[in-house]
1. Report the label-to-label distance for residue 150 and residue 128 in nanometres (one decimal), using points 7 Å from each Cα along the Cα→Cβ vector.
2. On a 0 to 90° scale, report how tilted helix 244-264 is relative to the longest principal axis of the chain, with both axes built from alpha carbons and the result rounded to the nearest 10.
3. Which FRET efficiency, nearest 0.05, do residue 246 and residue 339 yield, Cβ-Cβ r, R0 35 Å?
4. Could you work out the equivalent-ellipsoid semi-axes for region 78-192, taking the square root of 5 times each eigenvalue of the Cα gyration tensor, largest first, in whole Å?
5. If I model the chain as equal point scatterers sitting on the Cα atoms and use the Debye formula, what is log10 I(q)/I(0) at q = 0.07, 0.10, 0.12, 0.13 Å⁻¹?
6. Ranked by Cβ crowding within 10 angstrom, fewest neighbours first, how are 165, 130 ordered?
7. Based on DSSP H runs of at least 4 residues, each adding -39500 (n - 2.57), what is the mean residue ellipticity at 222 nm of the chain after dividing by all its residues, to the nearest 500 deg cm²/dmol?
8. Suppose each label sits 7 Å from its Cα in the direction of the beta carbon; what would the residue 12-residue 53 distance come out to in nanometres?
């Protein structure tokens, strides 16, 4: 099994202290968490894309390019690239550039995105968002694979024998399809033989398990080898402690702060108590053994081989957050790596480390001096 740390770069008051960090400090925190994730042995770090309050993750290629320069091993994910909102040509240019700068460590998780405000910002409607997502992906994947592309598109100017630069490093880049509750993303992933990443955050296990079963059915319908299926899954929260009592005690103020924030936004919580949240949601809060057992219970339903944890402290102190991630990597991850297989494809950079930046020795002296 492989493990990612993912952030949507929420910019909101700390759910426990109520303190709102500056925008610059919040970005610095993201950078620090990515470096920490590599240090602790996570396999990937993901940055979401949102174009509405309270998120400041509107430009994942920029954030990930910065992270590429500060890391050397960890794979860099988008979570998700909202292709329904983007020009696929421009998205290709950004990510092909990032592919080189990261030394081939880029992976994409794509999706239509959600939220009324960002749809309105880009003049996307509920009626056309899925068609935009599918068309954007069809164009994007052809641009990645072909030197010249012609496409009679509906949602952007037609492409006629178009060349788009730079050509990428990875051929092709791996693209996961983010799925929450709709079959459209699942269908698109299965048709192209691409891996699926289940959100697995807001609800109990059943609707997510149903979609993953549907994905497997459609995968075989399209004639793909069942042994090549790869599924990832998210988690609703995380805190690993030596004992379950310690974990519940430390996480309770975090949960109560998040509950208050949801209610302030007018949202009715799906899990009204911490005990219900730990029992019925995908949250991994408990002792190492409890977390191992819960991941196995979800694996029985999903067959997933990649798991993501929240990269952000999200109400925990910095010390609690680091201690929890360290304990996860020392006492949980090794067990799950042994007992649950990896995805059925290689995992690692195309070349070691990011592209080196040469330091100039000084201005050259003309030959006739």
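1. My value for the distance between the label points is 2.5 nm.
2. For helix 244-264, the angle is close to 70 degrees.
3. Values: r = 24 Å, r/R0 = 0.70.
Rounded to the nearest 0.05, the efficiency is 0.90.
4. Working: eigenvalues 98, 56, 34 Å².
That gives 22, 17, 13 Å for the three semi-axes.
5. Evaluating at q = 0.07, 0.10, 0.12, 0.13 Å⁻¹ gives log10 I(q)/I(0) of -0.31, -0.64, -0.92, -1.09.
6. Working: 165 9, 130 17.
The order, fewest Cβ neighbours first, is 165, 130.
7. Calculated at 222 nm, the ellipticity per residue is -13000 deg cm²/dmol.
8. Going by the 7 Å Cα→Cβ label model, 1.2 nm.
Bear in mind these aren't lab numbers, they're just calculated from the coordinates by the rules spelled out. Being a predicted model, the structure only gives us computed values, none of them experimental. Heads up, the Cβs are rebuilt from the backbone with ideal geometry, glycines too, and the neighbour counts pull from every protein chain shown.
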